[in-house]
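The values are calculated or read from the model by the stated rules, or taken from the named source; none is laboratory data. Nothing here was measured: the structure is a model prediction, and the numbers come from that model. Methodologically, a virtual Cβ is constructed for each residue, glycine included, from the backbone with ideal geometry; neighbour enumeration extends over all protein chains shown.
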Ligand SMILES: [Ca+2]
Ligand SMILES: [Ca+2]
């Protein structure tokens with residue numbers, strides 16, 4: 001299998017070298033308004049999730065300063081009966097957001113305030129042979145006048161799975177049912193927890209465990225949020241993949257993956273090629289990720305590269321994306337940390353050449369990476385970010401970030417985190433500079449059971465926005481402020 005990946009990479013290298021791709025046609029992509037949760041440390045020893053955590057604990061993407069003094073508190077509701085351990089998990093989270101001039105629409109987007117509430121309640125049963133978990137999630141929009149409601153999906157089944165751990169002493173875990181899935185840096189497969197809709201998947205998943213490696217194999221379908229009925233799986237699509245992690249040295253792990261997505265064109269969601277004809281989509285995404293640390297964990301680094309091949313209606317798919325970040329934490333009071341990150345994902349440079357060069361980030365997360373305002377995801381983009389963080393108190397993490405954004409190709413559309421087209425591709429190309437973003441965020445976590453998170457961001461539109469704005473309309477900066485309070489069992 002490793003040879004297969006290597007071969008795929010070699011096949012893809014020419015297109016990496018000549019990154020001068022062509023042509024627009026944003027992919028109707030599978031992402032709902034995504035988002036994320038905080039983060040944890042970056043360098044993972046081969047993550048051999050022993051038991052699936054009850055509450056979603058996403059793997060790291062953006063890294064905070066050294067995690068606040070790890071508050072090791074037991075779950076409040078945990079009971080033992082014979083060999084079984086029962087844990088009740090729960091979280092309720094309220095968030096208020098204020099947005100101004102957000103959408104770059106001709107009228108400027110106006111001002112909006114809204115109030116979201118997300119509650120989840122679960123029961124985990126653990127036995128020596130495995131575990132079972134069931135969890136409900138309730139997403140509400142408490143804004144009076146909002147119609148339709150945002151991120152609204154009253155109590156529904158979020159997770160329901162059974163896991164066998166090393167049956168018959170084989171080095172494999174088997175997990176079947178509705179479950180969250182976060183792979184690697186979560187740039188391609190994730191269950192982001194920022195939005196009220198937390199993505200889950202109906203999957204069969206096997207994890208083969210070695211001493212310094214593991215391989216995940218999974219197949220199934222993503223779950224679709226339906227505010228009026230039981231959340232179904234997306235029956236026009238299959239998702240599968242292999243994800244291998246090797247702990248190469250004590251401080252460096254290497255990951256290799258191959259993800260497959262097959263989507264059938266339907267009347268409700270037609271997949272249209274560059275020739276205007278509809279057809280099915282087969283998108284294959286091989287990738288490599290390197291993550292590690294040095295200098296006694298003061299220096300962190302991460303690199304990821306992914307290619308996409310396949311077919312989309314009558315078009316060939318040929319796209320690629322890269323991620324690189326380096327961070328250094330100073331061993332001084334407040335543990336200040338400086339991080340530089342670069343992201344790129346190809347766009348299409350010719351809407352009529354029969355090749356789709358738009359990289360599509362599958363079910364990746366977009367709120368943590370690429371700035372908080374969520375005007376970008378890993379698709380037709382170039383981004384450079386500088387992230388400063390510090391740890392002024394054992395319970396406080398503070399961040400200040402600056403990001404520069406451009407489209408990879410101005411012939412292709414600008415697509416935001418949720419897959420919405422902010423600007424269509426332009427036949428003659430033009431300015432690629434989309435804007436700059438400044439973010440500030442403070443998280444206070446006095447206990448495992450209580451957290452307050454407050455943030456503000458400003459996005460300053462660039463030349464691309466000026467050039468594509470309706471005549472006579474000036475577009476000012478977009479502002480965003482939020483306050484979030486969470487209580488966890
Ligand atoms: Ca094209
Ligand atoms: Ca529902």
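Matching residues to (1) buried (at least 24 other Cβ atoms within 10 Å of the Cβ); (2) within 30 Å of residue 234 (Cβ to Cβ); (3) within 16 Å of ligand 2 (Cβ to nearest atom):
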{"residue": "359", "(1), (2), (3)": "yes, yes, no"}
{"residue": "365", "(1), (2), (3)": "yes, yes, no"}
{"residue": "377", "(1), (2), (3)": "yes, yes, no"}
{"residue": "383", "(1), (2), (3)": "no, yes, no"}
{"residue": "415", "(1), (2), (3)": "yes, yes, no"}
{"residue": "418", "(1), (2), (3)": "no, yes, no"}
{"residue": "429", "(1), (2), (3)": "no, no, no"}
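Condition test on residue 121, is it closer than 18 Å to residue 196 by Cα, surrounded by fewer than 17 Cβ atoms within 10 Å (Cβ to Cβ) and touching a strand residue (DSSP E or B) at 6+ places or on another chain (Cβ under 7 Å)? Taking the combined requirement at face value, the residue does not satisfy it. Going through the stretch 449-475 one residue at a time, which ones are farther than 16 Å from residue 423 by Cα and at pLDDT below 90? Correct list: 472 only. Residue 392 meets the conditions (1) surrounded by fewer than 16 Cβ atoms within 10 Å (Cβ to Cβ); (2) in a loop (DSSP other than H, G, I, E, B); (3) touching a strand residue (DSSP E or B) at 6+ places or on another chain (Cβ under 7 Å) in every case but one. The failed one is (2). Considering only the stretch 203-215, I want to know if a residue exists there that is within 16 Å of ligand 2 (Cβ to nearest atom) and closer than 30 Å to residue 345 by Cβ. Within the stretch 203-215 (the criterion being within 16 Å of ligand 2 (Cβ to nearest atom) and closer than 30 Å to residue 345 by Cβ), the answer is no, since none of the residues qualifies. The condition (being touching a strand residue (DSSP E or B) at 6+ places or on another chain (Cβ under 9 Å) and loosely packed, with under 15 Cβ neighbours inside 10 Å) is satisfied by just one residue among 463, 469, 484, 436: 463. Check the stretch 255-271 and report whether any residue there is within 16 Å of ligand 1 (Cβ to nearest atom) and more than 30 Å from residue 154 (Cβ to Cβ). Yes - at least one qualifying residue is present in the stretch 255-271. Residues of the stretch 335-354 that are touching a strand residue (DSSP E or B) at 6+ places or on another chain (Cβ under 7 Å) and either buried (at least 22 other Cβ atoms within 10 Å of the Cβ) or under 19 Å from residue 439 (Cβ atoms) (or both): 336, 337, 338, 339, 340, 341, 342, 343, 345, 346, 348.
Scanning the stretch 225-261 for residues that are surrounded by 16 or more Cβ atoms within 10 Å (Cβ to Cβ) and closer than 27 Å to residue 148 by Cα returns 225, 231, 233, 234, 236, 237.
Here residue 422 does not fit the description of being outside any loop (DSSP other than H, G, I, E, B) and farther than 27 Å from residue 363 by Cβ. Starting from the stretch 207-227, keep only residues that are without any contact (Cβ under 8 Å) to a residue 12 or more places away in the chain, then list their pairs with residues that are more than 16 Å from ligand 2 (Cβ to nearest atom) and outside any loop (DSSP other than H, G, I, E, B) whose Cβ atoms are within a distance under 9 Å, requiring at least 6 positions of separation or different chains. What qualifies is 211/247.
Checking each residue in the stretch 293-317 for being surrounded by fewer than 21 Cβ atoms within 10 Å (Cβ to Cβ) and either touching a helix residue (DSSP H, G or I) at 6+ places or on another chain (Cβ under 6 Å) or under 25 Å from residue 283 (Cα atoms) (or both) picks out 303, 305, 309, 310, 311, 313, 314, 316.
Restricting the search to strands (runs of 3 or more DSSP E) fully inside the stretch 144-251 and requiring at least 3 residues that are within 24 Å of residue 123 (Cα to Cα) and out of contact with any helix residue (DSSP H, G or I) (no Cβ under 8 Å at 6 or more places or on another chain) gives 153-165, 172-179, 201-209, 213-222.
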